[in-house]
Every structure is written in structure tokens, then in C-alpha cells.
Amino acid sequence: MTTDITESRELKSTEINKYDFKTKTEAVFKARRGLDEDIVKQISDIKNEPDWMRKFRLDSLKIFESKPMPNWGGDIALDFQNIYYYLKPTNEQGRSWDDVPEEIKDTFEKLGIPEAERKYLAGVKAQFESEVIYGSLKEDLANQGVIFTDTDTAVREHPELLREYFGTIIPSADNKFAALNSAVWSGGSFIYVPKGVKIDFPLQAYFRINEENMGQFERTLIIVDEGAQVHYVEGCTAPMYTSESLHSAVVEVVVKKNARCRYTTIQNWANNIYNLVTKRAFAYQDAVMEWVDGNLGSKLTMKYPAVYMMEPGARGEILSIAFSSAGQHQDAGAKLVHCAPNTTGTIISKSISKNGGRSSYRGLARVEEGAVNSKCSVVCDALILDPQSRSDTYPYIEVAEQDVSIGHEASVSRIGEEQLFYLMSRGLSEAEASTMIVNGFIEPLIKELPMEYAVEMNRLIQLQMEGSVG
Amino acid sequence: MSDILEIKNLHVEIDGKPILRGVNLTIKKGETHALMGPNWSGKSTLGLVIMGHPNYDVTEGEILLNGQNILDLDADERARLGLFMAFQRPVAIPGVKMADFLRHATTNVRNPDRKEGEDLIPMREFRNEIKEKMGQLKMDSEFARRYVNDGFSGGEMKRAEILQLAMLQPKFAILDETDSGLDADAVRLASQSINEIGHNKMGLLIITHHDKLLEHNPPEFTHVILGGQIVETGGKELAAELHSQGYDRIRAEHPESAAANDDTDQVAIT
């Protein structure tokens with residue numbers, strides 16, 4: 001018998017957008033604006049990298065320069081020569097928050113990271129501009145052989161392990177922005193979970209862009225060895241500026257036999273940021289890869305987390321939430337690629353558009369030859385709050401086998417006048433009623449999140465909803 | 001001062017088509033009124049207009065609650081002043097739990113000046129209260145976790161509406177066919193519950209086709225609406241007559257209203 005009959009989480013909406021603040025810092029090093037071979041060499045020099053990485057960067061730059069801009073998705077009105085590609089905020093990475101420069105520490109205090117770390121995290125990485133400025137990992141996990149470090153450190157300290165996978169899941173030539181990241185990457189997380197180690201609490205990374213016209217290019221590689229388990233969470237925010245910044249990450253995940261990885265993103269970039277990210281996981285025999293991808297911020301997001309099911313029994317699950325408001329375009333979605341028999345993939349996408357915002361679902365479901373008896377299900381629902389807003393669905397389905405099960409359902413609904421009236425007739429204001437309907441719409445996804453992140457997501461949605469009516 | 005709801009010469013259109021043509025009705029606290037009439041007579045419209053549904057245009061007349069004209073108020077403001085309507089077909093709101101919804105609603109109605117984001121009534125207090133009320137309505141406590149009207153059976157929907165009536169304790173309640181779609185036992189339970197919750201404490205306007213709902217709520221006044229006008233008012237014996245004999249006598253005595261009713265029928269408003 002359960003006694004908890006309600007879990008209402010009313011939030012104090014009196015708070016202002018707590019992410020929109022600028023920190024005054026003295027950079028240790030800031031590259032000049034723009035991108036060319038000299039900048040790439042400079043980054044590599046500062047990081048004192050081995051030759052192979054320097055070559056990888058320079059080759060990637062050529063690929064970036066040779067590739068055309070994508071002619072689909074959103075409108076990328078970005079001047080690549082106006083961006084700062086590298087900014088080093090501090091010389092040392094802190095092992096304790098006291099080692100972090102005061103003003104940067106304050107920044108993360110305001111974002112609630114140290115508090116979350118104390119309460120429920122197994123480890124934290126905090127990246128400010130181009131570098132990870134703080135890192136921690138619970139001692140017992142380190143003793144079990146878990147590695148959780150920034151990717152630059154991994155290049156130095158775990159070169160063999162890193163090189164085995166780095167750039168193999170997402171080659172530089174995969175797309176223009178993967179090539180860009182490969183040329184100028186800095187920071188990001190490197191995680192190795194040894195065989196059979198199950199990490200109960202999430203590992204979290206937090207990415208903060210502070211300067212205007214900044215480019216942040218973190219590079220993350222996660223390797224979950226056989227039978228191991230990890231939940232990785234990333235959050236990202238930035239203050240609002242009038243001209244654009246760029247965030248272009250590459251995230252590669254390897255989930256080995258019987259292992260399990262969940263990767264949760266709560267993206268809340270300021271509305272001047274282009275968020276052009278490539279995320280892909282390879283899942284091997286009976287492994288499970290889950291992407292939970294929440295996109296609330298940014299000017300334009302183009303991001304389609306992918307699961308390649310490489311061996312029999314692999315499973316891929318992708319939950320995507322997109323919320324676009326005035327001046328925002330979320331071109332979000334997911335990819336499932338069945339490369340082996342008996343693999344199962346699920347995509348659930350929920351998007352909300354308001355105040356002239358545009359949300360698109362763009363998804364791929366592909367069954368390769370030989371991937372018999374695979375099951376793939378795609379459900380995408382869109383909610384449009386007003387006539388100015390827009391929602392589109394671009395499903396791509398490619399099936400090379402007969403004996404498979406593919407399902408695709410899509411729905412688009414406008415916020416119901418009758419629903420609003422019903423709630424208002426019970427005393428809820430129009431704003432409260434709209435927020436409640438929107439929260440209800442994404443509830444099936446929110447309830448998949450751990451409590452702390454569910455609360456965070458609900459809070460962000462409430463912030464997005466504020467001022468949506470009247 | 002005793003609460004009073006007055007509807008004066010109310011004319012209402014939807015998309016330029018007249019539906020109510022001068023309705024007059026006064027309800028005082030503690031009184032039970034039955035509103036009966038054939039299909040398309042304007043019964044539900046009257047309820048929805050009192051509650052403030054945005055799709056209807058009031059072209060003439062006024063609705064006064066304790067002397068204050070409420071026609072310019074939105075539905076939520078009317079609810080906070082003490083009006084309530086149990087809907088015939090309440091809409092589903094997927095993903096929103098009954099308990100969350102009702103805690104917000106109850107808080108707002110009890111603290112009409114509450115601003116968005118201010119505290120809700122304490123969880124423990126709310127939980128105890130809703131559990132008690134659900135018990136009285138023979139509802140499983142699991143019900144509070146379900147999504148509002150989502151996948152509810154006809155009976156569950158109606159009971160959920162009565163639960164809201166019990167929680168919100170309005171000054172005036174309009175019950176729109178709270179008996180439709182229920183079996184005899186369920187109607188009896190609904191009828192008893194409404195009596196326990198509302199009798200003598202509220203002004204009740206019960207819209208019904210049947211007399212079963214009135215069994216435990218004998219109306220002091222029965223109004224017959226036809227073609228958008230109240231054409232006859234009597235006591236509980238009028239309700240009994242209409243239930244057993246239908247509207248032929250009324251139609252014969254009010255041919256103009258009957259014609260108007262048939263006219264409205266043609267445009268099939270829902």
C-alpha cells in the first residue's frame with residue numbers, strides 16, 4: 001500500500017533565469033579569432049600533444065574545409081572566422097573546488113554543481129570555455145579501475161586505450177562539424193568502466209560557455225566494458241549575447257557485451273548558440289545503449305544521437321525532448337541502425353513549439369542486410385502551443401531485410417482549447433494550465449529520469465513556459 | 001449575506017447563431033434547481049456560459065454573482081469566486097496526475113489571491129483530505145495517481161467530477177448530466193454523494209434527462225428550457241412529469257420556442 005498519492009513539484013517561478021550571468025575572468029591564453037592551420041597547430045602545441053594527434057587535427061581541418069555546409073536541417077548563419085576556437089581559462093585542473101579560481105568556482109556554485117556533487121553524483125567534470133577546470137571521482141570507483149578524466153589528460157595518460165577507439169565511432173569525415181571538432185577539440189570526458197563494474201550514481205559533466213563568439217568543442221569518449229554499467233549526465237548553459245557562439249561536440253560511446261550505458265543530456269544553451277553535435281554509440285552483443293536527449297536552449301540545434309546495434313541482441317533506446325520558443329529551431333531526432341540479427345531499437349520523441357519556435361523531428365531507422373528478426377519502433381509526438389509556431393517530421397526508413405518489424409507513429413496536436421478551459425474552470429490560471437498540459441505531454445519521458453534530473457527538466461520547462469500567454 | 005447567482009435576460013450566440021434567447025434564472029445558496037429540456041434546447045450552453053467558456057458570445061444580459069457582473073471574467077476567476085461545473089464529457093489531460101491537478105485547483109480556489117508560483121496547500125493536509133473524500137466516493141486511492149480523465153470509464157469520469165466538487169466546495173455548482181452513462185447503482189451513489197456534499201451548503205443547478213439523480217436531491221425548482229428560453233418553472237412534480245411524459249405538452253404550449261429549438265437542432269451544436 002503506497003501512501004504517496006501525489007508528487008507535485010511546484011516550483012518557485014519568481015526566480016529569474018539563473019543561467020544568464022556573465023563571469024569576469026582573466027584567460028591564461030586566448031587564441032585570436034578565426035580558424036586556420038596556425039590556430040590548429042597552436043592548440044596542439046599548448047596541449048603538448050603527440051604527433052599522431054597533431055596530424056589527426058590537421059587532416060581533420062582539411063576535411064572540414066573541403067566539406068560543404070549541410071543543405072538540410074536549420075539555417076546556419078555562422079561566420080567561422082568570427083569565432084574564438086580556443087580559450088584556456090586556467091593553468092591547473094582543480095581536484096578540489098578550492099583549487100579552482102574564485103570567479104569560476106562561483107560560476108559553478110551558482111549553477112548548483114558542487115551541491116549536486118555532494119548529494120548524488122559519483123563524479124564530476126566541469127568545463128569552462130575550452131578546458132575542464134575541475135574533476136572528481138569517488139575513491140572506491142577509482143580503486144575499481146574506473147577512469148573518469150578529461151580527454152586531454154587521457155591522451156597523455158591512457159594513450160593506448162584512447163587510441164583504440166578515438167575517431168573510430170565517428171570518423172572526422174562523417175560530417176562537416178565532426179571534422180571541425182576533430183580539428184580543434186578540447187576538453188570533454190573520457191570514461192572507462194572495467195568489466196563487471198556497475199556505477200550506481202551518475203557521473204556528470206557540466207559545460208559552460210562564458211565569452212561571446214566562443215566556440216566550445218569538447219570531445220567525449222565512453223567505453224563500457226563487458227557487463228559494466230554507467231549513467232553519464234551532461235548539462236550545458238551560457239549567458240545570453242547578441243552575436244553567435246558555437247558549440248560543436250563529438251561524443252563516441254562503446255558499449256560492450258552485456259554492458260549498459262545511459263547518456264542523459266539537458267541542453268539549455270543561451271539563444272545565441274549554434275549547437276551542432278554528433279553523438280553515436282556502438283552497442284555489442286546484448287548490450288543496451290540509451291540516449292536521453294533534452295534540448296531546451298540554443299538558437300539552432302542539429303543533433304541526432306545514434307545507436308548502431310553491432311551484434312545480436314543489442315538494444316538501442318532514444319528518448320528525445322525538444323522545446324523551441326521564439327528565435328529557436330530544434331532540429332533534433334535520433335538514429336537507429338540495426339547491423340545484426342535480433343536487435344531492438346526504440347525512439348520516442350516529444351517536441352513542443354511556442355511563440356514562433358520551430359521543432360523538427362529528424363530520424364533514421366535503418367535495418368542492414370542480415371539484421372533479420374530486428375524490431376524497430378519510432379513514436380514522435382509534437383505539441384504546438386500557438387499558430388505562430390511550427391513542427392515538422394522527417395522520418396527516414398531504410399530496410400534491407402524482409403523479416404523485421406518496423407513501426408512508425410507520428411502525431412501533431414495543438415494545445416486544446418477544451419483542455420485549457422477545463423483546467424481554468426477549476427481555478428488554474430491560463431499560464432498554469434498551459435504549463436500543466438505541457439508537463440503532462442512530456443511526462444512519459446520525464447518519469448524515465450532520475451528524480452533530480454526530472455525536477456531540473458520540469459523547472460526548465462516552466463522557465464520556458466513563462467510569459468507564454470497574455 | 002446569503003450567496004446569490006442571478007442570470008438576467010441572457011442572450012448567447014455561437015458563430016452568429018443564437019442559442020440562448022433571454023434566459024432568466026436566480027439561484028440562492030442552499031437551493032436545488034433542476035434544469036430540463038430536450039436536446040439542443042441550450043441546457044449545456046447555459047452551464048458553459050455561466051462557467052465562462054470562451055467560444056460563446058454573450059450578446060445581451062448579465063450574470064451576477066452576489067451582485068458582481070462576472071461576464072468579463074475568465075473561467076479561472078469565476079472558479080475562484082465560487083462557481084463550478086461538473087462536465088458531461090470531461091476532457092482528458094494525458095500525463096497530468098489527478099492529485100497534482102486537484103492540489104493546484106484546490107489551492108487556487110481556497111486562496112483566490114494566490115499568484116502563480118506561491119505555495120500550494122501542504123501535501124499532508126491535501127493528501128488526508130483527498131483520501132477521505134475518495135473513500136466516501138468509493139474510489140481507490142490509486143485513482144489520484146492516474147492522469148486526468150485519461151482512459152476513464154464513464155462512471156470514473158463522473159465520480160472524478162464529483163470528487164472535484166467535494167474538494168473545491170463551490171458556492172454554486174452546475175452538474176451537467178452527471179448521471180449519463182451510469183448504471184442504476186452508480187447513479188444512486190452519485191445522487192447520494194451530491195446530496196452529502198452540496199445540500200444546503202451550495203446552490204445546485206442540476207441538468208438532467210432523468211429523475212434518478214434528483215432522488216436524493218429533490219429540487220425546489222424545476223425549469224424547462226426550450227429553444228433557448230426557460231418556458232416553465234415548477235416544483236419537483238414538474239421534473240417527474242417531464243420524465244414520465246416527455247416534452248409534448250410543453251412544446252404544444254410554447255410553439256415559438258419549440259420551433260426555435262428545432263431550428264437549432266439543424267445546426268447541430270455540440
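The values are calculated or read from the model by the stated rules, or taken from the named source; none is laboratory data. In this text the structure is predicted, and so the values were computed from the model without any measurement. Note: ideal-geometry Cβ built from the backbone for every residue, glycine included; neighbour counts use all protein chains shown.
Name the residues in the stretch A:391-406 that are more than 12 Å from residue A:336 (Cβ to Cβ) and of a type outside the set (A, V, I, L, M), would you?
A:391, A:392, A:393, A:394, A:401, A:402, A:403, A:405
Against the conditions (1) buried (at least 22 other Cβ atoms within 10 Å of the Cβ); (2) within 24 Å of residue A:420 (Cβ to Cβ), where does residue B:182 fall short? Just the number, please.
Only one criterion is unmet by residue B:182, namely (2).
Can you find a residue in the stretch A:103-117 that is over 23 Å from residue A:202 (Cβ atoms), over 19 Å from the mean Cα position of the chain (by Cα) and in the same structural domain as residue A:51 (by TED's automatic domain parsing)?
The first filter runs over the stretch A:103-117 and keeps only residues over 23 Å from residue A:202 (Cβ atoms), leaving A:103, A:106.
Still in the list and also over 19 Å from the mean Cα position of the chain (by Cα): A:103, A:106.
Checking which are in the same structural domain as residue A:51 (by TED's automatic domain parsing) leaves us with A:103, A:106.
Yes: the stretch A:103-117 contains one or more residues that are over 23 Å from residue A:202 (Cβ atoms), over 19 Å from the mean Cα position of the chain (by Cα) and in the same structural domain as residue A:51 (by TED's automatic domain parsing).
Among the residues of the stretch A:13-23, is any surrounded by 14 or more Cβ atoms within 10 Å (Cβ to Cβ), modelled with pLDDT of 85 or more and on the phi < 0 side of the Ramachandran plot? Please lay out each step first, then the result.
Looking only at the stretch A:13-23, we keep the residues that are surrounded by 14 or more Cβ atoms within 10 Å (Cβ to Cβ), and these are A:13, A:17, A:19, A:21, A:23.
Checking which are modelled with pLDDT of 85 or more leaves us with A:21, A:23.
Narrowing further to those that are on the phi < 0 side of the Ramachandran plot: A:21, A:23.
Yes, the stretch A:13-23 contains a residue that is surrounded by 14 or more Cβ atoms within 10 Å (Cβ to Cβ), modelled with pLDDT of 85 or more and on the phi < 0 side of the Ramachandran plot.
Any idea which residue in the stretch B:101-123 is farthest from residue B:160 (Cα to Cα), counting only those that are more than 7 Å from chain A (Cβ to nearest Cβ) and touching a residue at least 60 places away in the same chain (Cβ under 8 Å)?
Applying the filter and picking the extreme gives B:106.
So in the stretch A:440-451, with the set limited to residues that are surrounded by fewer than 19 Cβ atoms within 10 Å (Cβ to Cβ), more than 7 Å from chain B (Cβ to nearest Cβ) and touching a residue at least 24 places away in the same chain (Cβ under 8 Å), which one is farthest from residue B:92 (Cα to Cα)?
A:450
Within the bounds of the stretch B:34-49, is there any residue that is assigned to a loop (DSSP other than H, G, I, E, B), among the β-branched types (Val, Ile, Thr) and within 14 Å of chain A (Cβ to nearest Cβ)? Reasoning before the result, please.
To start, the set of residues in the stretch B:34-49 that are assigned to a loop (DSSP other than H, G, I, E, B) comprises B:37-42.
From what's left, among the β-branched types (Val, Ile, Thr): none.
Checking the stretch B:34-49: not a single residue is assigned to a loop (DSSP other than H, G, I, E, B), among the β-branched types (Val, Ile, Thr) and within 14 Å of chain A (Cβ to nearest Cβ).
Of the residues that make up the stretch A:282-293, is at least one outside any strand (DSSP E or B), modelled with pLDDT of 95 or more and either closer than 16 Å to residue A:165 by Cα or acidic (Asp, Glu) (or both)? Lay out the reasoning, then the answer.
Filtering the stretch A:282-293 down to residues outside any strand (DSSP E or B) leaves A:284-287.
Going one step further and asking which of them are modelled with pLDDT of 95 or more, we end up with A:284-287.
Going one step further and asking which of them are either closer than 16 Å to residue A:165 by Cα or acidic (Asp, Glu) (or both), we end up with A:284, A:286.
Yes, the stretch A:282-293 has at least one match.
Hey, can you tell me all the residues within the stretch A:14-71 that are more than 24 Å from the chain's Cα centre (by Cα) and of a type in the set (S, T, N, Q)?
Hits for the stretch A:14-71 are A:14, A:25, A:42, A:44, A:48, A:66.
State all residues of the stretch B:132-147 that are buried (at least 16 other Cβ atoms within 10 Å of the Cβ) and either free of Cβ contacts under 8 Å to residues at least 12 places away in the same chain or facing chain A (nearest Cβ under 10 Å) (or both); if no residue qualifies, say none.
B:134, B:141, B:143, B:144, B:145, B:147
For the stretch B:70-79, which positions are within 7 Å of chain A (Cβ to nearest Cβ) and buried (at least 24 other Cβ atoms within 10 Å of the Cβ)?
B:75, B:76, B:79 - these are the residues of the stretch B:70-79 that are within 7 Å of chain A (Cβ to nearest Cβ) and buried (at least 24 other Cβ atoms within 10 Å of the Cβ).
If residue B:193 satisfies all but one of (1) crowded, with 18+ Cβ neighbours inside 10 Å; (2) under 16 Å from the mean Cα position of the chain (by Cα); (3) touching a residue at least 60 places away in the same chain (Cβ under 8 Å), what's the number of the condition it fails?
(3)
Output the qualifying pairs, or none if there are none: Cβ atoms under 6 angstrom, residues six or more apart or on different chains, first residue in the stretch B:204-224 and closer than 10 Å to residue B:178 by Cα, second residue of a type in the set (Gly, Ala, Ser) and crowded, with 24+ Cβ neighbours inside 10 Å.
B:206/B:34
Each row is one residue, and each column tells you yes or no for (1) among the acidic types (Asp, Glu); (2) in a loop (DSSP other than H, G, I, E, B); (3) over 28 Å from residue A:456 (Cβ atoms).
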{"position": "A:155", "(1), (2), (3)": "no, no, yes"}
{"position": "A:167", "(1), (2), (3)": "no, yes, yes"}
{"position": "A:183", "(1), (2), (3)": "no, no, yes"}
{"position": "A:192", "(1), (2), (3)": "no, no, no"}
{"position": "A:196", "(1), (2), (3)": "no, yes, yes"}
{"position": "A:222", "(1), (2), (3)": "no, no, no"}
{"position": "A:232", "(1), (2), (3)": "no, no, no"}
{"position": "A:252", "(1), (2), (3)": "yes, no, no"}
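Could we say that residue B:33 is in contact with an Asp or Glu (Cβ under 8 Å, 6 or more places away or on another chain) and closer than 30 Å to residue B:181 by Cα here? If you could, list the steps in order and put the result at the bottom.
Numbers: in contact with an Asp or Glu (Cβ under 8 Å, 6 or more places away or on another chain): yes; closer than 30 Å to residue B:181 by Cα: yes.
The answer is yes for residue B:33.
Which count do you get for residues in the stretch B:23-67 that are surrounded by fewer than 19 Cβ atoms within 10 Å (Cβ to Cβ) and among the basic types (Lys, Arg)?
2
Please enumerate the residues belonging to the stretch B:28-44 that are polar (S, T, N, Q) and under 16 Å from residue B:175 (Cβ atoms).
From the stretch B:28-44, those polar (S, T, N, Q) are B:32, B:39, B:41, B:44; that's our starting set.
Listed by number, the residues that qualify are B:32, B:44.
Tally time: how many residues in the stretch A:394-439 are away from chain B (no Cβ under 14 Å), out of contact with any Cys (no Cβ under 8 Å at 6 or more places or on another chain) and touching a residue at least 60 places away in the same chain (Cβ under 8 Å)?
Summing the residues that are away from chain B (no Cβ under 14 Å), out of contact with any Cys (no Cβ under 8 Å at 6 or more places or on another chain) and touching a residue at least 60 places away in the same chain (Cβ under 8 Å) in the stretch A:394-439 gives 1.
Condition first: outside any strand (DSSP E or B) and within 21 Å of the chain's Cα centre (by Cα). Can you find one or more residues in the stretch B:120-129 that meet it? Give the derivation first.
Step one: list which residues in the stretch B:120-129 are outside any strand (DSSP E or B), which gives B:120-129.
When the remaining residues are screened for being within 21 Å of the chain's Cα centre (by Cα), the result is none.
Checking the stretch B:120-129: not a single residue is outside any strand (DSSP E or B) and within 21 Å of the chain's Cα centre (by Cα).
Can you name the condition, by its number, that residue B:224 falls short on among (1) crowded, with 23+ Cβ neighbours inside 10 Å; (2) at pLDDT 90 or above; (3) farther than 17 Å from residue B:44 by Cα?
If we test residue B:224 against (1) crowded, with 23+ Cβ neighbours inside 10 Å; (2) at pLDDT 90 or above; (3) farther than 17 Å from residue B:44 by Cα, just (3) comes out false.
From the list A:364, A:336, A:385, which residue is surrounded by fewer than 24 Cβ atoms within 10 Å (Cβ to Cβ), more than 14 Å from chain B (Cβ to nearest Cβ) and modelled with pLDDT of 95 or more?
Details: A:336 fails: surrounded by fewer than 24 Cβ atoms within 10 Å (Cβ to Cβ); A:385 fails: modelled with pLDDT of 95 or more.
Result of the check over A:364, A:336, A:385: A:364.
How about the stretch B:150-167: which of its residues are closer than 28 Å to residue B:219 by Cβ, within 11 Å of chain A (Cβ to nearest Cβ) and over 13 Å from the mean Cα position of the chain (by Cα)?
Within the stretch B:150-167, just B:167 meets the criteria.
When the residues of the stretch A:111-153 are narrowed to those that are assigned to a helix (DSSP H, G or I), of a type in the set (Ser, Thr, Tyr) and modelled with pLDDT of 95 or more, which ends up surrounded by the fewest Cβ atoms within 10 Å (Cβ to Cβ)? Please lay out each step first, then the result.
Residues of the stretch A:111-153 that are assigned to a helix (DSSP H, G or I), as a first pass: A:113-120, A:139-143, A:151-153.
Of the ones still in play, those that are also of a type in the set (Ser, Thr, Tyr) are A:120, A:151, A:153.
Adding the requirement that they be modelled with pLDDT of 95 or more leaves A:151, A:153.
On the way: A:151: 23, A:153: 15.
So, considering only residues that are assigned to a helix (DSSP H, G or I), of a type in the set (Ser, Thr, Tyr) and modelled with pLDDT of 95 or more, the one surrounded by the fewest Cβ atoms within 10 Å (Cβ to Cβ) is A:153.
Take the residues in the stretch A:198-220 that are part of a loop (DSSP other than H, G, I, E, B) and hydrophobic (A, V, I, L, M, F, W, C); name whichever of them is farthest from the chain's Cα centre (by Cα). Give the steps one after another, and end with the answer.
At the first step, the residues of the stretch A:198-220 found to be part of a loop (DSSP other than H, G, I, E, B) are A:199-202, A:209-213, A:217-218.
In the following step, the residues that additionally are hydrophobic (A, V, I, L, M, F, W, C) were identified as A:199, A:201, A:209, A:217.
Values: A:199: 20, A:201: 19, A:209: 15, A:217: 12 Å.
Selected residue: A:199.
Give the residue that is surrounded by the fewest Cβ atoms within 10 Å (Cβ to Cβ), with candidates limited to residues of the stretch B:105-125 that are at pLDDT 95 or above and closer than 29 Å to residue A:350 by Cβ.
Ranking the candidates gives B:107 first.
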